[in-house]
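Engineer: If you scroll down you'll find the structure; I have some questions about it.
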Amino acid sequence: MMKSYIKAISTYFPKNILTNDSISAQFPEWNSEKILQKIGIEQRHIAQKDECASDMAAQAVRNLIEEHHLDKNAIDFLLLCTQTPDHILPTTACIVQDKVGLPTSCAALDINQGCSGYIYGLSVASSLIASGNFSNVVLVTVDTYTKYIHPKDKGNLSIFGDAATATLISNEGSYRIGKPTLGTDGAGAENLIIRNGGTRAPRNENPDDLDNFVDMKGGKIFNFIVKYTPEVVSKNLEVNNLEMKDIDLFIFHQANTHILNKVREDMQIPQEKFVIEMRYYGNTISSTIPIAFLDHLKKYPQKARKRLQFVGFGVGYSWGAICLEEENN
């Protein structure tokens, strides 16, 4: 079976920035410093009104091609993970293929997945490479959740930010992708949901209809993450014949620092091995793991990073973990 690797990662952030001070100005009871202490976020990038998933995704792919000197004609599969597509149909991946000018021989597919999306995407991309049928898969993560947050919802306004990332998965590269462990519990679907906008309940123009916006039951999400994360971490280490002590860096979905610290303490992961890089981005859904990974390696180039574990969890409910090992090719 063909081995698969992460070869390169690039990011894109919208130019608009929402700071804690801006949120405090709107909600005086929601102190700027309190937001930082409570959720570990100081600012977040916000997509412009006319900036949609395909625009951000296309720019992330262009950045990947330019920064890593790629031949775009060699990309043979575009996998795009988003929960905020441009349209119900066609797939946003098809629009991005055309915007970037990828060859028409390139397959293009959307995955509707949230905070575990990067893990799911790596799992699919790795399988495509392992099949021997594809050589260069670009996995894009992109979301514009902020377009679905009610303007008076100070909690979610503080948490979420918009971003896009593009990862090249190939049959050669720096980090070999190990075996994934994935899970689902659809019984938790109601606890993080936008009720209107699909065929079951169309979106409407009523600004007071909260079903048009993100509804997150924070307490239930917190309990779900605390319950399932240790289990998926240990199962994934087991299938990869690894132990906790073998991992140099744990990079979990950056939900908020309160949740991350609770899980880290419960699992007794040493602080220096546990990555938290969300202060300037917020929770960017499926993009948090690659953003945190890139940021951390730039900030701490001297840190051991031979073996990594990525862990995602959230909307669905869905969750997953995957191990990576640095190899010198």
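Engineer: Starting from the residue with the highest accessible area, list His258, His296 in decreasing order, probe 1.4 Å.
Structural biologist: Numbers: His258 110, His296 10 Å².
Accessible-area ranking of His258, His296, largest first: His258, His296.
Engineer: So what is the accessible area of the chain per residue, in Å², with the probe set to 1.4 Å?
Structural biologist: Values: 14610 Å² over 329 residues.
With the other protein chains kept in place, the chain gives 44 Å² per residue.
Engineer: So, taking all protein chains as they sit and a 1.4 Å probe, how much accessible area belongs to Lys179, in Å² rounded to tens?
Structural biologist: Here the accessible area works out near 120 Å².
Engineer: Which value results when the Cα radius of gyration for the chain is divided by 2.2 N^0.38 Å? Don't skip to the end; give the middle numbers.
Structural biologist: Working: Rg = 18.9 Å, N = 329, 2.2 N^0.38 = 19.9 Å.
Normalised Cα radius of gyration, the chain: 0.95.
Engineer: Next question, about the same structure. Between Glu172 and Gln48, what is the spin-label point distance in nm, taking each point 7 Å from the Cα along the Cα→C-beta axis?
Structural biologist: In this crude spin-label approximation the distance works out to 4.0 nm.
Engineer: Okay, moving on. Using all alpha carbons of the range 10-156, what is the percent of pairwise distances in each 5 Å bin, ordered from the shortest bin to the longest?
Structural biologist: All Cα pairs, binned at 5 Å, distribute as 2, 9, 16, 19, 17, 12, 9, 7, 5, 2, 1, 0 percent.
Engineer: Same structure again: If R₀ is 51 angstrom, what is the calculated FRET efficiency for the pair Asn133 and Lys38, using the beta carbon separation as r and rounding to 0.05?
Structural biologist: Once the sixth-power term is evaluated, E becomes 0.60.
Engineer: Excluding same-chain residues fewer than 8 positions from Lys152, which aspartates and glutamates have a Cα within less than 17 Å of its Cα?
Structural biologist: In chain and number order, the partners are Asp21, Glu29, Glu205, Asp208, Asp209, Asp211, Asp215.
Engineer: Check which residues have an amide H placed less than 5 Å from Cys81's amide H, if you skip close sequence neighbours.
Structural biologist: Amide H neighbours of Cys81, under 5 Å, 5+ apart: Ile111, Val140, Thr141, Val142.
Engineer: Report, by chain and number, residues whose modeled amide H sits under 5 Å from the one on Ala163, excluding near sequence neighbours (fewer than 5 apart, same chain).
Structural biologist: Asp143
Engineer: Taking all protein chains as present, what is the carbon and sulfur share of the accessible area of the range 74-119, in % to the nearest whole number, probe 1.4 Å? Please report the intermediate quantities before stating the final value.
Structural biologist: Details: 1050 of 1790 Å².
The nonpolar share, carbon plus sulfur, comes to 59 percent.
Engineer: May I pose another question? Calculate one ³J(HN,Hα) per residue across the range 283-295 by plugging θ = phi - 60° into the Karplus curve 6.51 cos²θ - 1.76 cosθ + 1.60, and present them in order as whole Hz with x for glycine and proline.
Structural biologist: These are the phi-based 3J(HN,Hα) values: 8, 9, 6, 6, 8, 5, 5, x, 5, 5, 4, 4, 4 Hz.
Engineer: At a 1.4 Å probe, what is the % contribution of carbon and sulfur to the accessible area of the range 135-252? Write down the numbers at each step before the final one.
Structural biologist: Values: 2700 of 5320 Å².
Of all accessible area on the range 135-252, carbon and sulfur atoms account for 51 percent.
Engineer: Around His253, which amide H atoms from residues at least 5 apart in sequence, or from another chain, sit under 5 Å from its own amide H, with H modelled in the peptide plane?
Structural biologist: Excluding prolines and chain starts, which carry no amide H, the hits are Val311, Gly312, Phe313.
Engineer: Oh, and also: Among DSSP beta bridges lying fully in the range 221-329, give the percent that are antiparallel, nearest 5. Don't skip to the answer; put the middle values down first.
Structural biologist: On the way: 8 of 13 bridges.
Close to 60 percent.
The values are calculated or read from the model by the stated rules, or taken from the named source; none is laboratory data. Just so you know, these numbers come straight off a predicted model, no measurement behind them. Counting neighbours? That spans all protein chains shown, and the Cβs are built from the backbone with ideal geometry, glycine included. For accessibility, only protein heavy atoms count, side chains too; no ligands or nucleic acids. Shrake-Rupley method; radii C 1.70, N 1.55, O 1.52, S 1.80 Å.
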